[in-house]
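Q: My structure is below; once you've seen it, I'll send some questions.
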C-alpha cells in the first residue's frame, strides 16, 4: 500500500504548529463541511455529511450534544450503517456497533515544507476511473467517484498506467489532510509514496495551510515513515461503524 524510501523533508521555514490552535483537528470533517468544503455538505446545525459520491465522512457539532443522534437517524434512516469518526464513547440505546478501529493523527512539523516531484502529474476528472482502480488494488482508505474534487491529487504514470498517487481530503480551518497515498506493488521501494506526499505537502504549504494525515494504528511501518519525513503524532483517533436503531 505504502512505499516510503528514505527522503528528507525540505528544511526551509514553515509555520510552527506549537503556536497554532489544532483543536479543529478533533473534528476535522465538521470544520471542513462548515468551511472549505461547504459546497459538498448536506445536513443541519447538528450533523453534516459529504455528498455520498464524494466521501463517507460525517461531522457533528459535538458528540455531547443529544440532538446529534436523532439528526443522524433522520439523515441516514433507520437500520442504516454510519461511519462515526473521532468518537470513543458509548452508543445510545437502540444503536449497535458494527466494527471499531483506531488510527493515528499526525501533523506536519515546521520542517515539512515539501518539495515538487518532477515525475508527478496532476490528476482530475478525466483520471477518475484510473484513480478508483488504483485505490481498489491498494485499499488506502475510502475513495469515491468524486473524492478527487476535494483537493489537489497527483500521481505517477509508468508505461502509460497510473501506478501511484496521493492527494488532499479533509480541509478543516487552517489545515489540509493528505490522503489516498498508494503505490502498486510492482513499483514500491522506489520512494514514490514519500515523494508524492512531499509534493502534496508543498502545495498545501504554498496555500498557507498545515498538512496532516491519518494512518491505521496497526500500520506502524507507515507511521514511522511519516515521522521520518517530519510528521509528528498528535493523537490517537477512534473510528466506529455503527447501525442506527431499526
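Q: Can you give me the ranges of the strands (runs of 3 or more DSSP E) entirely in the stretch 33-103 with at least 3 residues that are farther than 24 Å from residue 235 by Cβ and within 22 Å of the chain's Cα centre (by Cα)?
A: Per the criteria, 41-43.
Q: Do we have residue 117 as in a loop (DSSP other than H, G, I, E, B), buried (at least 16 other Cβ atoms within 10 Å of the Cβ) and over 20 Å from the mean Cα position of the chain (by Cα) here?
A: Answer is yes for this residue.
Q: Moving to a separate point now. Considering each of 164, 136 in turn, give the residue that is touching a helix residue (DSSP H, G or I) at 6+ places or on another chain (Cβ under 7 Å) and modelled with pLDDT of 95 or more.
A: 164
Q: Does residue 227 meet the test of being surrounded by fewer than 24 Cβ atoms within 10 Å (Cβ to Cβ), assigned by TED's automatic domain parsing to the domain that holds residue 151, modelled with pLDDT of 95 or more and not in a helix (DSSP H, G or I)?
A: Here the answer is no, as residue 227 does not meet what is asked.
Q: Can you tell me which residue is nearest to residue 169 (Cα to Cα) among those in the stretch 204-217 that are part of a helix (DSSP H, G or I) and in contact with a strand residue (DSSP E or B) (Cβ under 8 Å, 6 or more places away or on another chain)?
A: 204
Q: Right, another one. Residues 201, 195: which one is more than 27 Å from residue 49 (Cα to Cα) and either surrounded by 23 or more Cβ atoms within 10 Å (Cβ to Cβ) or in contact (Cβ under 8 Å) with a residue 12 or more places away in the chain (or both)?
A: 195 is the lone residue from the list that is more than 27 Å from residue 49 (Cα to Cα) and either surrounded by 23 or more Cβ atoms within 10 Å (Cβ to Cβ) or in contact (Cβ under 8 Å) with a residue 12 or more places away in the chain (or both).
The values are calculated or read from the model by the stated rules, or taken from the named source; none is laboratory data. Here the structure is a predicted model, which means the values were calculated and not measured. As a convention, Cβ positions derive from the backbone with ideal geometry for all residues, glycine included, and neighbour counts pool all protein chains shown.
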